[in-house]
């Protein structure tokens with residue numbers, strides 16, 4: 001019965017996940033091959049949202065915990081690289097498609 | 001304050017969906033990317049200034065560290081993304097993907113200690129950490145392979161069974177670390193981290209370079225999944241939306257790429273590409289002789305043709321010959337020759353990569369013809385000029401069931417009246433297999449570095 005309790009408690013989250021999966025599939029459906037590379041690169045930039053977690057780690061770490069702060073600091077750098085690098089390189093690729 | 005943060009997060013989540021949707025269409029793609037970047041900025045700034053829980057302590061040092069880290073990351077990310085040559089883009093995407101995976105891994109490593117004893121939270125933490133780590137080390141290997149620093153697939157004996165054993169070990173250790181967190185010392189999470197790194201490496205090293213785009217796309221959806229687990233942990237909606245979106249879209253994209261190469265995903269991951277019996281069988285076949293053609297003869301041939309189709313491959317990009325080829329195309333068009341480009345779906349190193357490279361040198365979008373549309377035109381084509389492409393025109397994909405690329409759709413260049421192949425040498429292509437097209441009676445080899453040879457060809461035609 002525990003499984004039912006889990007479902008009841010997390011019902012909204014479960015609905016959210018299932019709908020998000022379908023949105024992901026729907027959004028990509030029918031994309032021409034030509035756009036696969038930029039699309040992959042764009043999706044790559046979007047998962048850089050993991051940086052939000054790294055910032056939360058920084059905010060919630062005890063200021064006396066130097067090791068924790070260092071790891072958080074590194075995580076924010078890596079996340080930023082993913083976000084900024086990802087969006088910029090995607091923009092460069094798509095710039096090429098624009099001019100006719 | 002909490003309300004404002006939730007609005008920022010709503011904006012972030014919605015822009016990710018809209019942005020990704022717009023990126024699926026050539027006209028709106030660039031705007032879509034910018035919309036995604038805008039939403040990301042809102043979500044990040046909102047978190048820095050508005051995210052507060054009972055654990056949060058805010059002081060100047062933290063703000064300095066956060067903005068310092070964002071500054072460093074932005075500077076490096078921006079500069080590398082702006083400076084990189086278009087040919088090197090695939091490996092850069094892989095590198096950035098690895099950074100995201102490493103970020104997810106570090107989050108898990110720091111959060112483990114504070115959440116010991118709490119099974120639900122720990123499952124998210126450990127799952128995010130392990131998946132992020134695999135994506136990290138796998139992406140670094142993919143980067144090394146694509147950039148040519150590690151060009152041979154490395155296969156340990158029984159590598160498939162070995163990999164599955166290590167994977168099983170990772171899964172069991174993860175479950176154990178979650179369930180026994182109160183008894184185990186904190187450093188076990190670091191041991192798990194090391195094992196996950198090893199698995200990421202073992203997973204990627206046996207896969208050949210030609211299949212790397214598929215692997216990158218797969219690892220891309222892994223990082224999405226790792227971000228989504230972070231979203232569960234913090235009950236953070238943009239992380240959940242962004243992560244799940246990329247996870248599911250990335251998986252679909254991976255399958256679409258496999259379909260373009262006509263190879264099932266399991267074949268890419270577990271199958272041997274460019275090795276074993278297939279290559280050996282190819283070697284023993286009767287080859288015949290190779291003819292070559294001089295630049296002056298080729299100039300005449302092209303000048304008096306009605307229709308020329310250019311098949312560009314990665315070799316063209318490596319030689320930076322995309323500008324010269326455009327010059328050749330313009331020159332021939334002036335002389336009344338119809339010129340088109342035949343673009344194989346996986347020409348270059350990734351689907352669509354060749355389009356980007358040629359668009360960079362101002363080749364008109366309409367001149368780039370996709371495989372299904374150009375194949376029926378080859379019988380009416382006088383000359384096919386293959387520049388730096390190999391596997392995508394290899395007839396073994398249709399005729400030789402023992403060939404590693406058997407079943408991959410190819411450009412039917414052998415139906416054309418004349419086939420000219422520009423190559424630096426007789427070396428095998430990226431997949432490491434021989435090409436019987438070179439020995440076709442209609443084929444002439446035009447040896448030389450693509451840029452140098454084509455420049456000579458252009459000046460030769462000009463003199464006619």
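The values are calculated or read from the model by the stated rules, or taken from the named source; none is laboratory data. Just so we're clear, the structure is a prediction, and the values are computed from it rather than from any experiment. We place every Cβ from the backbone using ideal geometry, glycine too, and count neighbours over all the protein chains shown.
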- request: Hey, can you tell me all the residues within the stretch A:33-69 that are in contact with a strand residue (DSSP E or B) (Cβ under 9 Å, 6 or more places away or on another chain) and either buried (at least 22 other Cβ atoms within 10 Å of the Cβ) or under 16 Å from residue B:47 (Cβ atoms) (or both)?
  value: A:34
- request: Kindly indicate whether any position in the stretch B:17-24 is in contact (Cβ under 8 Å) with a residue 40 or more places away in the chain and either within 22 Å of residue A:24 (Cα to Cα) or touching a helix residue (DSSP H, G or I) at 6+ places or on another chain (Cβ under 8 Å) (or both).
  value: yes
message: Being under 26 Å from the mean Cα position of the chain (by Cα) and more than 21 Å from residue B:221 (Cβ to Cβ) narrows it down to one residue among B:20, B:79, B:61, B:65; which is it?
response: B:79
- line: Going through (1) free of Cβ contacts under 8 Å to residues at least 60 places away in the same chain; (2) within 21 Å of residue A:38 (Cβ to Cβ); (3) within 9 Å of chain A (Cβ to nearest Cβ) one by one, residue B:28 fails only at (3)
query: If you scan the stretch B:149-186, which residues turn out to be touching a residue at least 40 places away in the same chain (Cβ under 8 Å), part of a loop (DSSP other than H, G, I, E, B) and more than 27 Å from the chain's Cα centre (by Cα)?
result: B:181, B:182, B:186
message: Here is a check on your reading of the model: is residue B:226 within 11 Å of chain A (Cβ to nearest Cβ), buried (at least 21 other Cβ atoms within 10 Å of the Cβ), assigned to a helix (DSSP H, G or I) and touching a residue at least 12 places away in the same chain (Cβ under 8 Å)?
response: yes
message: Pull out all pairs, ordered by first then second residue, where Cβ-Cβ is under 8 Å, the residues are six or more apart or on different chains, the first lies in the stretch A:7-22 and is within 11 Å of another protein chain (Cβ to nearest Cβ) and at pLDDT 90 or above, and the second is outside any loop (DSSP other than H, G, I, E, B) and loosely packed, with under 10 Cβ neighbours inside 10 Å.
response: none
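One line per residue, one yes/no per condition, for (1) more than 19 Å from residue A:85 (Cβ to Cβ); (2) buried (at least 17 other Cβ atoms within 10 Å of the Cβ); (3) modelled with pLDDT of 95 or more; (4) not assigned by TED's automatic domain parsing to the domain that holds residue B:249:
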{"site": "B:2", "(1), (2), (3), (4)": "yes, no, no, yes"}
{"site": "B:23", "(1), (2), (3), (4)": "no, yes, no, yes"}
{"site": "B:43", "(1), (2), (3), (4)": "no, yes, yes, yes"}
{"site": "B:63", "(1), (2), (3), (4)": "yes, no, no, yes"}
{"site": "B:71", "(1), (2), (3), (4)": "no, no, yes, yes"}
{"site": "B:83", "(1), (2), (3), (4)": "no, no, no, yes"}
{"site": "B:86", "(1), (2), (3), (4)": "no, yes, no, yes"}
query: Do we have residue B:51 as within 7 Å of another protein chain (Cβ to nearest Cβ), touching a residue at least 12 places away in the same chain (Cβ under 8 Å) and over 26 Å from the mean Cα position of the chain (by Cα) here?
result: yes
field: Check on residue B:17, more than 15 Å from residue A:93 (Cα to Cα) and facing another protein chain (nearest Cβ under 7 Å)
entry: yes
- request: Determine whether the stretch A:31-52 contains at least one residue that is more than 7 Å from chain B (Cβ to nearest Cβ), modelled with pLDDT under 90 and under 30 Å from residue B:344 (Cα atoms).
  value: yes
query: Among the residues of the stretch B:260-275, is there at least one that is more than 9 Å from chain A (Cβ to nearest Cβ), at pLDDT below 90, crowded, with 21+ Cβ neighbours inside 10 Å and assigned to a helix (DSSP H, G or I)?
result: yes
- request: Among the candidates B:123, B:147, single out the residue that is over 26 Å from residue A:62 (Cβ atoms), in the same structural domain as residue B:243 (by TED's automatic domain parsing) and modelled with pLDDT under 95.
  value: B:147
